[in-house]
1. Using only the Cα atoms of chain A, construct the convex hull and provide its projected area averaged over every direction, in square nanometres to one decimal.
2. Starting from the 7 Å offset along Cα-to-Cβ, what nm value, one decimal, do you get for the label separation of A:D199 and A:R21?
3. Which residue, B:D170, B:D57, B:D204, has the most motion in a Gaussian network model of chain B that connects Cα atoms within less than 10 Å?
4. Membrane-span-like helices in chain B: DSSP H runs reaching 20 Å or more (Cα, own axis), mean Kyte hydropathy at least 0.0?
5. Tell me, what is a quarter of the convex hull surface for the C-alpha atoms of the protein assembly as shown, in nm² with one decimal?
6. For chain B, what does -39500 (n - 2.57) per DSSP helix run (n ≥ 4), summed and divided by total residues, give at 222 nm, in deg cm²/dmol to the nearest 500?
7. Which whole-angstrom value gives the distance between the alpha carbon centres of region B:102-144 and region B:17-59?
8. I want to check the label-to-label distance for B:A27 and A:R188. Put each point 7 Å from Cα in the C-beta direction and report it in nm to one decimal.
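The values are calculated or read from the model by the stated rules, or taken from the named source; none is laboratory data. Predicted, not measured: the structure shown is a model, and the values here were computed from it. Note that each Cβ is placed from the backbone with ideal geometry, even for glycine, and that neighbours are counted across all protein chains shown. Heavy atoms of the whole protein, side chains included, go into the accessibility calculation; ligands, DNA and RNA do not. Shrake-Rupley method; radii C 1.70, N 1.55, O 1.52, S 1.80 Å.
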Amino acid sequence: MTSQPLPGGGAASPRWGLLHRRPRLRLGLLLGPPMLWLGVLYLGSLAALFITSLWTVDAFGGNIERVWNLDNYRDLFTIDVYRTITIRTLLIAVTVTVIDALLAFPIALYMAKVASPRLQRALVIAVLTPLWASYLVKAYAWRGMFASGGPLDDLGLSPGYGLTATVVTLSYLWLPYMILPMYAGLERLPDSLIEASADLGATTRTTMRRVVLPVLLPAAVAGSIFTFSLTLGDYIAVEIVGGANQMLGNVVYDSFLTGNNLPFAAAVATIPVVTMLVYLGAVRRTGALDSL
Amino acid sequence: MSFSRATRGVLLALTGLVLLFIHVPLALVVLNSFNTSRTFEWPPPGYTTQWWSAAWDSEGARNAIVVSVEVALVATAIALVLGTMAALALQRFRFFGRDTISLLIILPIALPGVVTGIALANAFLTMFGIELGMLTLVVSHATFCIVTVFNNAIARLRRLGGNLEEASMDLGAGTFRTFWSITLPMMRSALLAGALLSFALSFDEIIVTTFTAGQGIQTLPIWIYQNLFRPNQAPVVNVVAAALIVLSIIPIWLSQKLAGTDESVAAAR
């Protein structure tokens with residue numbers, strides 16, 4: 001490990017001289033506790049989860065048998081219902097992410113580049129407030145919206161509880177996570193670049209494509225990490241508005257608590273982990289991770 | 001700006017629609033808390049405040065709030081210490097593996113809650129042999145709260161640079177003296193904003209909570225979830241939901257005061 005202190009440095013007081021002269025020691029002391037927590041406890045837990053997924057539960061007592069096998073994964077890939085649920089969950093996650101990106105773009109652009117500073121502040125608050133409102137309250141709000149005899153039904157617009165309701169509710173829940181990075185990205189884009197583009201004769205469309213889009217893309221990718229990941233792991237919204245449909249989270253939760261089958265739940269949970277690790281690896285180069 | 005009038009018009013219209021989409025469902029919940037009907041009835045046949053007083057007397061809701069506040073306070077305290085340390089290390093030093101560590105810090109929120117929940121629950125149960133309860137709940141919450149504090153702290157450190165600290169050291173102050181007298185005061189508002197976000201995140205968390213709290217502990221989200229489908233509790237749940245919407249204005253107002261937009265934005269999650 002090569003470490004390098006701030007440039008400059010100076011006269012150290014005798015008492016803390018050791019720390020001052022030994023930047024590596026300082027770094028170690030600073031990094032130690034958070035790394036113990038995240039590196040050992042959290043990564044350790046993930047590793048343990050993977051190990052558990054290679055064990056099975058005995059048929060009667062529900063005790064974990066520490067015998068290595070791939071039975072859980074075989075079930076996961078061969079039993080139709082799990083394949084359907086996996087595909088459904090991935091499709092919902094992609095749809096929610098696309099919907100959020102489409103909804104977030106105009107409002108983020110308006111906030112960052114058109115609104116007056118006063119209106120801009122008001123809009124930030126208007127967008128942030130629902131972010132702070134509780135997750136359950138928001139899902140519950142949509143249960144009311146989609147209820148038979150509810151306001152949408154009144155207008156003849158309610159699809160009832162089911163997949164559509166799930167997608168709408170999840171898009172609603174995660175929308176601020178897409179708006180905020182897009183807004184932050186666009187705010188950092190200097191106005192002068194947009195003006196210069198127009199002065200040089202570019203149409204609005206060209207300006208969008210050549211000036212706005214390159215800024216927007218990493219921001220959208222940063223937002224998509226949340227919309228995608230949060231959807232992959234959700235099981236409560238689908239319980240509240242999803243009708244009879246299930247997502248991967250439901251399978252994990254049911255196997256864990258009701259089914260008392262921790263190894264199978266662990267195997268199911270590796271699907272979102274692998275999906276997210278592949279996704280994070282793919283987007284790492286876009287610089288999106290720095291703008292989280 | 002140099003967008004055409006038409007473009008600005010379209011953007012304004014779409015912004016208005018998205019704002020409607022954001023606020024109509026929440027307004028409905030608030031309205032419904034005054035609904036005389038016990039079940040959700042649209043349009044409300046009449047208005048009353050009786051459910052608000054009923055909710056005020058609900059012991060279950062009140063106890064759940066106390067538990068949620070306790071968990072959020074302890075988790076936030078842990079996250080404040082660990083998040084600040086990690087931010088100082090990553091912002092002030094360049095070393096091998098730095099990118100991997102910053103990835104590790106965001107991992108608990110980049111991975112779905114269900115994964116974090118079951119991974120920690122499994123570790124507590126099968127590796128450490130600890131019963132699920134208050135301790136496991138607080139540890140789990142702190143794990144995903146670290147990143148909010150970290151994000152706020154590192155954004156502030158990035159903006160500050162290191163000049164004042166160098167000056168402090170040049171004048172003879174040691175590492176700790178410089179931290180207490182110079183670095184910490186300059187980070188204070190960013191840390192407060194981070195703590196606020198972290199508190200709210202923990203207070204609202206349900207997915208990780210259902211896995212790591214065990215059976216005996218009821219946080220407010222758990223209480224709401226358990227009563228959501230009970231018809232005779234519906235009016236009280238409505239009021240609690242409406243109250244949470246109204247109360248959510250306080251932290252947003254505070255965090256806007258505490259930190260510039262870029263920091264609260266960076267730490268939104």
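1. Working: hull surface 97.0 nm².
Dividing the Cα hull surface by four gives the mean projection, 24.2 nm².
2. For A:D199 paired with A:R21, the spin-label model returns 5.7 nm.
3. Evaluated over chain B, the most mobile residue of the options is B:D170.
4. Details: long enough: B:5-32 (40 Å, 1.73); B:59-92 (49 Å, 1.33); B:134-160 (38 Å, 1.10); B:184-204 (29 Å, 1.29).
Those that pass (Cα extent of 20 Å or more, hydropathy at least 0.0) are B:5-32, B:59-92, B:134-160, B:184-204.
5. Numbers: hull surface 115.3 nm².
Computed as one quarter of the Cα hull surface, the answer is 28.8 nm².
6. Numbers: 14 runs with 196 residues, N = 269.
Theoretical 222 nm ellipticity from helices: -23500 deg cm²/dmol.
7. A separation of 35 Å, based on Cα centres.
8. Result: 3.5 nm between the two label points.
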